[in-house]
Amino acid sequence: QVQLVESGGGLVQAGGSLRLSCAASGRPFRNYVMGWFRQAPGKEREFVGSITRTGSTTYYADSVKGRFTISRDNAKNTVFLQMNGLKPDDTAVYYCAAAGGSLAALIEREYDYWGQGTQVTVSS
């Protein structure tokens, strides 16, 4: 089992920045591809981005590419989502997730463990 706890969400004005963190515990963090997803009200959960086990490669949804950056600190069992240039459309609950069996983990069903989510609200 892997337990994931997100933090760092909040209310920010359009154009602002937030940094989300996801702390992992349980099985060795370095064994998992880590991903970020989000779910806006009335919409399905969608992929935001992922980072490989060593942190050498990241993948992003087109909607956040160039604005969001994923990083990880394997020594601290933590993955981060730096969000810049936030837009009202970025308003959602953001979830981190861990995938044990994939190399990139670009889709939801590849993920084995999920956090409870943290709310991000961007005002116009």
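Structure data summary
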quantity	calculated
Pair-distance profile P(r), taking every C-alpha pair of the range 1-68, with 10 angstrom steps and integer %	16, 47, 32, 6
Cα-based Rg and Dmax for the range 82-124, where Dmax is the largest Cα-Cα distance (Å)	12.9, 40
Formal net charge of residues neighbouring residue 29 (Cβ-Cβ distance under 15 Å; K, R +1; D, E -1)	+2
Calculated from backbone phi, Karplus (6.51, -1.76, 1.60) coupling profile of the range 67-81 in Hz, x at Gly/Pro	10, 10, 9, 9, 9, 9, 10, 5, 6, 10, 6, 9, 10, 10, 10
Whole-percent carbon and sulfur share, accessible surface of the chain, 1.4 Å	47 percent
Under Karplus coefficients 6.51, -1.76 and 1.60, residue-wise ³J(HN,Hα) of the range 114-121 in Hz, glycine/proline x	9, x, 7, x, 9, 7, 10, 10
Largest to smallest principal axis extent of the C-alpha atoms in the range 42-86, angstrom	36, 22, 16
Volume of the Cα convex hull of the chain, divided per residue and given in Å³	89 Å³
Dipole moment magnitude, nearest 20 debye, the range 50-98 about Cα centre, only Lys, Arg, Asp, Glu C-beta charged	160 debye
Cα centre as origin, Lys/Arg/Asp/Glu Cβ charges: the chain dipole, Debye	280 debye
About the Cα centre, charge dipole magnitude for the range 2-65 (Lys/Arg +1, Asp/Glu -1 at Cβ), debye	180 debye
The chain - accessible surface per residue (Å², probe 1.4 Å)	51 Å²
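The values are calculated or read from the model by the stated rules, or taken from the named source; none is laboratory data. Values in this document were obtained by computation on a predicted structure and should not be read as measured data. All Cβ positions, glycine included, derive from the backbone under ideal geometry; neighbour counts span all protein chains shown. Side chains are part of the model used for accessible areas, which takes the heavy atoms of the whole protein and leaves out ligands, DNA and RNA. Shrake-Rupley method; radii C 1.70, N 1.55, O 1.52, S 1.80 Å.
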